[in-house]
Amino acid sequence: MTMISPFFKILLFIFFSVINVSINKYDLVKSLFLTTYCVYIFFISPITLRYLSKIILYSSLFILSIAILNPLFDKNIYTLSGYTINAGVISALNIYIKFLNIVIITSSIISSTRFSDIVNSLKILKLPQEIALSMTIMYRFLFLFLSDIIQTIEAISSRNKSYNKLNYKYMKNIISSMFQRALYRSESIYEAILSKGGLNFSVKKQIDVSLRDLVFLTISMIYITIIRVI
């Protein structure tokens, strides 16, 4: 994955995201087939399974808090192999699978692409500099913040005897600690940007294109399109 041009990886991400979102909320099969492609992208990327699993685990809490409301509001009946199921359960599961697909492919692409290359690719696509910069900083900050969350939870687990009763006092300390970490991380990211020349990133005038990039993008788009139309 590191050998693929960043511009083509951004195009692939945009195309995949559009297809992923356009799938019907009750169509689990297509979402699962898209997951097979995400797994392939993961295996050719440098990100480790252990780190990706932690990202999925801790970020799932947010999406599950939203998807869990589907069975309450979606009262339709869905028939699957002769069995009647609450359609809200199907749509909630599909939302989580779509979220899982986005997390996997986003993590795989970011782990194999430099920060400056992502900015250059977005600016070549004529995105305003403010939007491109905000997106890249958001992605960078998100994974750093998730790493802090993972470390905090592991620290709590190592002190299980002290935190066997997680009361309001402990929760307040944990939340305040995470808020302080977020502030420190934002300052570090801002200083890193200034050390690399500030907010005015230079854009390459020419996109490096190879046969490998074209073949990869073409095959990927054909496979994703076939999944969408069948």
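The values are calculated or read from the model by the stated rules, or taken from the named source; none is laboratory data. Because the structure is predicted, anything quoted here is derived from the model rather than measured. Don't worry about glycine lacking a Cβ; one is built from the backbone with ideal geometry, like all the others, and counts go over all protein chains shown. Remember, those area values only see protein heavy atoms, side chains included, never the ligands or the DNA or RNA. Shrake-Rupley method; radii C 1.70, N 1.55, O 1.52, S 1.80 Å.
Of note:
- Selection within segment 107-116 - open to solvent by 20 Å² or more (accessible area, probe 1.4 Å) and part of a helix (DSSP H, G or I): I110, S111, F115, S116
- Filter pass, S91 being in contact with a Phe, Trp or Tyr (Cβ under 8 Å, 6 or more places away or on another chain) and either more than 21 Å from I19 (Cα to Cα) or not aliphatic (A, V, I, L, M) (or both): yes
- Restricting segment 206-230 to residues that are part of a loop (DSSP other than H, G, I, E, B) and among the hydrophobic types (A, V, I, L, M, F, W, C), the residue that is nearest to V39 (Cα to Cα): I230
- Subset of segment 28-38 that is open to solvent by 40 Å² or more (accessible area, probe 1.4 Å) and touching a helix residue (DSSP H, G or I) at 6+ places or on another chain (Cβ under 7 Å) - its residue that is farthest from I222 (Cα to Cα): L32
- Test result for S45, over 16 Å from L122 (Cβ atoms), among the polar types (S, T, N, Q) and either in contact with a Ser or Thr (Cβ under 9 Å, 6 or more places away or on another chain) or open to solvent by less than 20 Å² (accessible area, probe 1.4 Å) (or both): yes
- Checked against the criteria, I105 counts as at pLDDT 90 or above, touching a Cys at 6+ places or on another chain (Cβ under 6 Å), aliphatic (A, V, I, L, M) and closer than 30 Å to R212 by Cβ.
- Looking across segment 1-24, the residues that are open to solvent by 20 Å² or more (accessible area, probe 1.4 Å) and more than 19 Å from the chain's Cα centre (by Cα) come down to M3, N24.
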